[in-house]
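A quick write-up on the structure given underneath.
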Amino acid sequence: MVMVVDFEASNFQNLSKATNNQNLAAFDETLAAAGYQKTDLYTMASWIGRYIDTNASNKGWLAQWPSNPSGDAIQVPMRGNGPVTTGSPANHRILM
């Protein structure tokens, strides 16, 4: 089982990147102590390096929305498995 922290709330922008990174590490440590060894980070691609960094436990599951959406597909490149595309009117891309 993978436990994922959803790092998208606008109030995270008011904290320093160092504080956000410390909070992510605390998330990992707390869940590890509870027996959850697999964690990850879900956030916007534009926030990596600006508001938070990835770490050894959290390589990042990144949402990237196109500036000018078109088409009707969600493209989901899976780590090591190549892209998978499914139809949807959502017009967004999820990078993993």
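Taking the criterion of being in a strand (DSSP E or B), of a type outside the set (Phe, Trp, Tyr) and out of contact with any helix residue (DSSP H, G or I) (no Cβ under 7 Å at 6 or more places or on another chain), the residues of segment 1-54 that qualify are Val2, Val4, Asp6, Lys38, Asp40, Thr43, Met44, Ile48.
Residues in segment 1-32 that are surrounded by 15 or more Cβ atoms within 10 Å (Cβ to Cβ) and in contact (Cβ under 8 Å) with a residue 40 or more places away in the chain: Val5, Phe7, Phe12. Filtering Leu24, Leu15 for residues that are over 16 Å from the mean Cα position of the chain (by Cα) and among the hydrophobic types (A, V, I, L, M, F, W, C) leaves a single hit, Leu15. The condition of being surrounded by 12 or more Cβ atoms within 10 Å (Cβ to Cβ) and at pLDDT below 90 holds for Ala45.
The values are calculated or read from the model by the stated rules, or taken from the named source; none is laboratory data. All of these numbers come straight from a predicted model, not from anything done at the bench. With ideal geometry, Cβ positions are generated from the backbone for all residues, glycine too; neighbour counts draw on all protein chains shown.
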